[in-house]
Amino acid sequence: MRILYLLFAVVLLLFQAAPGSADPIFPDTAECRAQGNFCRGGTCPPTFAASGSCHGGMLKCCSK
């Protein structure tokens with residue numbers, strides 16, 4: 001049982017970085033999020049329209 005505590009501590013140390021912190025920030029992604037929009041891999045939800053691109057053109061920028 002003691003090994004579980006050690007394993008849990010090691011796992012926490014491995015994953016302590018914030019999610020997405022290692023990803024480079026693309027200029028189009030930063031611009032999309034600065035305008036209050038969000039990025040999506042597929043089509044935008046029904047009440048949203050695609051207003052640009054994110055992640056170097058791989059995703060769509062969805063806006064109201």
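The values are calculated or read from the model by the stated rules, or taken from the named source; none is laboratory data. Here the structure is a predicted model, which means the values were calculated and not measured. Ideal geometry is used to build each Cβ from the backbone, glycine not excepted, and the neighbour counts take in all protein chains shown.
Descriptive notes on the structure:
- Exactly one residue out of 61, 39 is touching a His at 6+ places or on another chain (Cβ under 8 Å) and at pLDDT 90 or above: that is 39.
- Of all residues in region 43-56, those being surrounded by fewer than 13 Cβ atoms within 10 Å (Cβ to Cβ) and under 12 Å from residue 32 (Cα atoms) number 1.
- Leading residue by the ranking (surrounded by the fewest Cβ atoms within 10 Å (Cβ to Cβ)) among those in region 27-42 that are assigned to a strand (DSSP E or B) and among the hydrophobic types (A, V, I, L, M, F, W, C): 38
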